[in-house]
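Where a number appears in this text, it was derived from the coordinates with a stated rule and is not lab data. Remember, it's a predicted structure, so these values are computed and weren't measured experimentally. Positions of Cβ are backbone-derived with ideal geometry, glycine not excepted, and every protein chain shown enters the neighbour counts.
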Amino acid sequence: MQANYYRIADHKQLTVHNNQSSQLQLGKQYTATTYNVGFGAYNHDFDFFMDTGELKDGTKVKGHRGTAISKQAVLDSTNGVIDTMKAQNADFMFFQEIDTNSTRSKHVPQVSMLEQAFNHYASTFAVNFHTAFIAVPIYDPHGIANSGLLSLSRYQIDNAERRKYPVSSSFISKFVDLDRCFSVMRMPVKDGKDLVMINSHMSAYDKGGKMRKAQMKLLNGIMEKEYQAGNYVIVGGDFNFALGQDMIMHFANGEKRPEWVSDIDQSMLPEGITMVKAQNRETVPTVRGAEMKYDPKVNYMTICDGFFVSNNVKATATDIDTDFRYADHNPVKLEFTLE
């Protein structure tokens, strides 16, 4: 594995396919969604070998699967994602952990499936997980992985760039939590400014949140710079933080707090940037623990998916309840207006 390890260079220009010509304007309402689709594997019967936890009675639990249960399971989940997103009819869609030609997702071409389903959108894809072969677990190797961030837009994208996050250099982490990044897309607004949209997926398996804090520092700097330049800023994605300390143990479940759970709140964002708290966040979580098959009364759940916006963007958010049928995450929808 070591011989095949490398990181993609920072500031990599991304190709925009099927670019659109429509431009954004002030005062009009738009919608955006973010959805970590978990490479199509995380249906109710799936658990993942990297995930561990402990029940409140002290019982240790650990996932065991390295790949999806079957190719049909991946197809069913991917089609479920497509149907869910068609029902939302959003102007912008961000997806994380979406595969192309990967062992773990049974080589289902998820990226092309979504691009074909939404062929009237511009699209751009940034790789954030690429490895020749992961040989663990031995009984169900994770295998070859090609995965990343897919961003779809009904509006013109002038420029798209891949920015790399700092990541752990530990031997295991750099192979299973590889090459984290975010996509930065610039979209022209009719007032002469830009809407800067960022699709982000921060590190998992980061005990205490050390790497995620370093990643937030980088992201904060970019958000602050763009807002101070007069641009509109929207960041969506899977932050792998609980979005608010009150969400860490908010949802009733049978597990203790997992080691990976750290939180971020409004005080950790730069001036002029706001965390948009979903209106139904008290009742609809956005992620479930995957150290066991899905049991809504037992699995740990919290809110770690959502949006940050600059103060010149008026926005509300809603968590979309899919009951985790197609992924270990629920999507989040943002309604926003540029002011």
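Below is a table of values for the structure above.
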quantity: Contact order relative to length of the stretch 260-339, as percent, for alpha carbon pairs under 8 angstrom and 6 or more apart; calculated: 32
quantity: Sequence ranges 257-267, 46-56, 8-18, ranked by mean other-Cβ count within 10 angstrom, highest first; calculated: 46-56, 257-267, 8-18
quantity: Mean-position separation - Cα centroids, the stretch 288-334 and the stretch 79-104, in angstrom; calculated: 14
quantity: Taking the chain and dividing mean pair separation by its residue count, relative contact order in percent (alpha carbons under 8 Å, at least six apart); calculated: 23
quantity: Per-pair calculated FRET efficiency, R0 = 56 Å: D10 and T59 via Cβ, rounded to 0.05; calculated: 0.80
quantity: Cβ-Cβ FRET estimate between K28 and K256, R0 fixed at 51 Å, reported to 0.05; calculated: 0.65
quantity: Pairwise FRET efficiency - R186 versus E335, Cβ, R0 = 25 Å, nearest 0.05; calculated: 0.70
quantity: Convex hull of Cα atoms in the chain, direction-averaged projection (nm²); calculated: 15.4
quantity: Paired Rg and Dmax values of the stretch 223-339, which use every Cα atom, in angstrom; calculated: 15.0, 47
quantity: Point-to-point label distance, Q266-D76, nm (Cα→Cβ direction, 7 Å offset); calculated: 4.3
quantity: Those lysines that a straight Cα-Cα span of less than 30 Å connects to K28, excepting residues fewer than 8 apart in one chain; calculated: K86, K190, K193, K225, K277, K314, K333
quantity: Cross-link reach list, lysines versus K213, counting only Cα pairs under 16 Å and skipping chain neighbours closer than eight places; calculated: K164
quantity: Where labels lie 7 Å past Cα in the beta-carbon direction, separation of D158 and S21 in nm; calculated: 1.9
quantity: Cross-link reach list, lysines versus K293, counting only Cα pairs under 22 Å and skipping chain neighbours closer than eight places; calculated: K56, K60, K62, K71, K106, K256
